[in-house]
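Notes to accompany the following structure.
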Amino acid sequence: MCARSASANVGNAPPPDTPAKAAAAEALGACFPAHGDTLAATAQEVADSRRYAGIHYRLDNDVGMEIGRELARLAAMAVTQGALALAP
């Protein structure tokens, strides 16, 4: 496990950018299934880089990734049920 950087004063919480990256990967993966695994792996790599840098803990990233994936699933469900309209 990587030691936390002395300059990192983030606290123990999901990184704000990780859910966005996970949601984008999930949504794009649904649109482009042939690239879904690559997109998910790229989002995970970005999240891991913040852990390797000592900015966040693994649990922070794992929770952030799950939040993002769930947001993408909820958004997709809202669109398919007509509860959320996409701009033309």
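Values in this text are rule-based calculations from the coordinates and carry no lab data. Worth saying up front: this structure is predicted, and the values here are computed from it rather than measured. Here Cβ is always computed from backbone atoms with ideal geometry, including for glycine, and neighbour counts include all displayed protein chains.
The slack between THR42 and ASP17, meaning 0.36 nm per residue of separation minus the straight C-alpha distance, is 7.6 nm. Among 58-64, 30-36, 19-25, the peptide with the highest mean count of other Cβ atoms within 10 Å heads the list, and the full ranking is 19-25, 58-64, 30-36. Stretching SER49 away from ALA83 to a fully extended chain increases their span by 8.7 nm, per 0.36 nm per residue minus the current alpha-carbon distance. Computed over the alpha-carbon atoms, segment 17-79 gives an Rg to Rh ratio of 1.01, Rh here being the Kirkwood radius from the mean inverse distance.
Other residues with beta-carbon under 15 Å from the beta-carbon of MET65 carry, at +1 per Lys or Arg and -1 per Asp or Glu, a net charge of -3. Counted by Cβ distance under 11 Å from GLU26, the other residues give a net charge of +1, where Lys and Arg count +1 and Asp and Glu count -1. Simple spin-label estimate for CYS31 and ARG73 gives 2.1 nm between the two label positions (7 Å along the Cα-to-Cβ direction from each Cα).
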